[in-house]
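This report concerns only the one structure given below.
The values are calculated or read from the model by the stated rules, or taken from the named source; none is laboratory data. Model, not experiment: these values are computed from the prediction. Quick reminder, even Gly has a Cβ in these numbers, built from the backbone with ideal geometry, and neighbours come from all protein chains shown. These area figures cover heavy atoms from the full protein model, side chains too; ligands, DNA and RNA do not enter into them. Shrake-Rupley method; radii C 1.70, N 1.55, O 1.52, S 1.80 Å.
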Amino acid sequence: MRNVLAAFAALLALAIAGCGIGGGSSGPEAGRSGSPVAKVEVSESRGFGSFYPEPFVTYEGESSAATIERIAKAIREAEKQPGIVNVAEPKYDVRLTSRDGSTAAYHLWLDARYEHATIMDAEETHYIYRISAESTADLLEIIGE
């Protein structure tokens, strides 16, 4: 497991280093439909291409509005990374449900040892997005890493 994490860290460092060459674009749509995000579910990932349907935490309703916005902002402002994606299995899955009922699922690599988290759209696994250091700190606080 340690070797896999070390390999992922090396690949992520290469991707981040390449970010300065040619720049990146903004992150995937947090709520693809354009409707505000109403619910966020976080689960331990079981691999690429889907959302593991048993979340360990769900944020929903007015009492969670600020937390939902912090998570959506982290995704919305993430920067697309250049190059070919070759990463270890994700640690978490995050599903956003918009007020209109549409959903968007993401894989999340989040670890307190690294300054930046990484996300990948579960339906479009050819690209990764780097989350800012500030938003990574928010996610670490929210998810309790």
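Assuming 0.36 nm per residue, please report the length gained on full extension of the stretch residue 70 to residue 124 beyond their Cα-Cα distance.
Contour length minus the Cα-Cα distance gives 17.2 nm.
For the stretch 95-145, state which trypsin sites (Lys or Arg not before Pro) are in a DSSP loop and have at most 11 other beta carbons lying within 10 Å of their beta carbon.
113
Per the 1.4 Å probe, what fraction of the accessible area of the stretch 59-145, in percent, lies on carbon and sulfur atoms?
46 percent
Given R₀ = 25 Å, what would the calculated FRET efficiency be for residue 50 paired with residue 141, taking r from the Cβ atoms and rounding to 0.05?
After rounding to 0.05, the efficiency reads 0.40.
Near residue 51, within a Cβ-to-Cβ distance under 13 Å, what is the net charge of the other residues, with Lys and Arg +1 and Asp and Glu -1?
Combined, the nearby Lys, Arg, Asp and Glu give -3.
Between residue 57 and residue 115, with labels modelled 7 Å along Cα→Cβ, what's the label distance in nm to one decimal, could you check?
Simple spin-label model gives 2.4 nm for this pair.
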